[in-house]
1. Determine, from the Cβ-Cβ distance of Thr101 and Thr199 and an R0 of 35 Å, the FRET efficiency 1/(1 + (r/R0)^6), rounded to the nearest 0.05.
2. Could you check what % of the DSSP bridge pairs in the stretch 34-161 are antiparallel, to the nearest 5?
3. Based on Cβ point charges of +1 for Lys and Arg and -1 for Asp and Glu, what charge dipole magnitude is obtained for the chain about its Cα centre, in debye rounded to the nearest 20?
4. With all protein chains present, how much of the accessible area of the stretch 145-222 (probe radius 1.4 Å) comes from carbon and sulfur, to the nearest whole percent?
5. What lysines does Lys163 reach when the alpha-carbon gap must be under 16 Å and sequence neighbours fewer than 8 apart in one chain are set aside?
6. Residue farthest toward the positive end of the dipole of the chain, with Cβ of Lys/Arg at +1 and Asp/Glu at -1: which of Phe197, Thr157, Leu179?
7. So if each residue of separation counts as 0.36 nm, and I subtract the Cα-Cα distance between Arg46 and Tyr187, what length gain in nm does that give?
8. To the nearest 10 degrees, how steep is helix 191-205 against the longest Cα principal axis of the chain, on a 0 to 90 scale?
Amino acid sequence: MSARILIVDDEPQIGRLLKTTLGAHGYEIAVAADGQAALDQAARWRPDVILLDLGLPVIDGLEVCRRIREWSQVPIIVLTVRDAEQDKVAALDLGADDYLTKPFGADELLARIRVALRHAARATVVDEPVLRFGDLTLDLTRRVVARDGEEVHLTPTEYELLKTLATQAGRVLTHGMLLRAVWGSAYEQDAPTLRVFITQLRRKIEADPAHPVHILTEPGIGYRLRV
């Protein structure tokens, strides 16, 4: 069965373009033009991925994201003309998995959709003890990290940070999300500490820390572990 994608955008030409592009790649498509229609369609049709614009009539995109996350973990990719960092952070903190700022290329969108579908598929696998990302391996049972088969010695905090990124690989995690998960809510504004530990991690797991291929920076937003 082809994956179902719900496109939520109040601009008819954008909806038609996305429907044509994604349909040509074998996806089953539905379109909603406002926030309430999006909520209704998501509940009734159960899509595999939601492409969500933020500037929606009736119910704003951020509120749509919040309500969907009350009952579903369907991947949500935010598509928006808003380029303010706070809008992206707000969407990610409410549960969105990724974002693209308009205008964007079809190839990039298709790649993000594939990542979202893989992430959702991994989330349904119970008790997956070993995660692999190219030359990087994370054994969750033994708490062992290896690169090219050689064990990498991490501090407990470095391990927790890498585990948080790895168990949600492909998803953008904001500074606040990572700080809350690893250090606790009292530290969610301490971005400098996070940057220090990310730098330390890259020195240990990247072949070239100056040009990382595993832990990618989303400027002003946070980080993602590349799938």
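1. Details: r = 27 Å, r/R0 = 0.76.
Efficiency for this residue pair is about 0.85.
2. Numbers: 11 of 18 bridges.
The antiparallel fraction comes to roughly 60 percent.
3. With only Lys, Arg, Asp and Glu charged at Cβ, the dipole is about 400 debye.
4. 50 percent
5. Lys204
6. Positive-end residue among those listed: Thr157.
7. On the way: separation 141, 0.36 × 141 = 50.76 nm, distance 3.64 nm.
Answer, rounded to one decimal: 47.1 nm.
8. 70 degrees
The values are calculated or read from the model by the stated rules, or taken from the named source; none is laboratory data. Owing to the predicted nature of the structure, the values given are computational and were not obtained by experimental measurement. Every residue, glycine as well, gets a Cβ built from its backbone with ideal geometry; the counts of neighbours run over all protein chains shown. Only protein heavy atoms, including side chains, enter the accessible area calculation; ligands, DNA and RNA are left aside. Shrake-Rupley method; radii C 1.70, N 1.55, O 1.52, S 1.80 Å.
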